[in-house]
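Before any comments, here is the structure.
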Amino acid sequence: MGAARNYFELFELPVRFELDTADLQQRYRALQRAVHPDRYANASDRERRLAMEQTALINAAYQTLKSPLARARYLLELEGVRFDDERDTHLDPAFLMEQMELREALAAARDAADPLAEVLRLGEDIERRRRALIEELGRLLAAGDHDAARGMVHKLQFLERLREEAEQLEEELSF
């Protein structure tokens, strides 16, 4: 395995947002087989250490590329766009209001006549919004509009957190 300059090169993929996740998974498995520590059981300490480092790199690359949010951030960072999650808090007020309303609806779902059904409905709504943002993010990245894509990444982070909260609540209500 040659030295890759970025995660896309590691998996021999074009540097772009759109990718075939099934193909990514196949490439991941092939790379993992090639550097699996068991293959280096009788190797020198240095070779075993390098195999472990390669395994860690492959895992980190795969986790980044399989997630649309992480992949978008990574692509923007490759283009020199920096993120400061502590300071980058400016989002459009309408979007923030939607997020507050969704969060309130999620909190109120516990008291609904059928809480699980309400959480599932909200989860579907969140997922629909998430997919729309991912589509728009793909368009912005393809167009090279880094500023707008950066803003879309921040919006997607909000929806990802909201989706996780909905999934946790669904899990709680399922037991």
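Taken together, the values in this text are just the output of simple stated rules run on the coordinates, not laboratory data. Please read all numbers here as calculations on a predicted model, not as lab measurements. FYI the Cβ positions are ideal-geometry reconstructions off the backbone, even for glycines, and counts take in every protein chain you see.
Odds and ends about this structure:
- Packing-based exposure ordering (other Cβ within 10 Å, fewest first) of M152, M52, M100: M100, M52, M152
- Calculated on alpha-carbon atoms, Rg and Dmax of the stretch 93-174 in Å: 14.3, 47
- Taking a Cβ cut-off of under 13 Å around Y7, the surrounding Lys, Arg, Asp and Glu residues balance to a net charge of +3, with basic ones at +1 and acidic ones at -1.
- Spread of Cα-to-Cα distances over 10 Å intervals beginning at zero, given as percent, for the stretch 15-105: 14, 28, 26, 20, 9, 4, 0
- Principal axis box of the chain, alpha-carbon based, largest edge first, Å: 62, 43, 29
- For the chain, the longest principal axis of the Cα atoms and the long axis of helix 45-66 meet at an angle of about 30 degrees.
- Cα-based equivalent ellipsoid of the stretch 7-66: semi-axis lengths in Å, sorted from largest, via gyration tensor: 25, 10, 8
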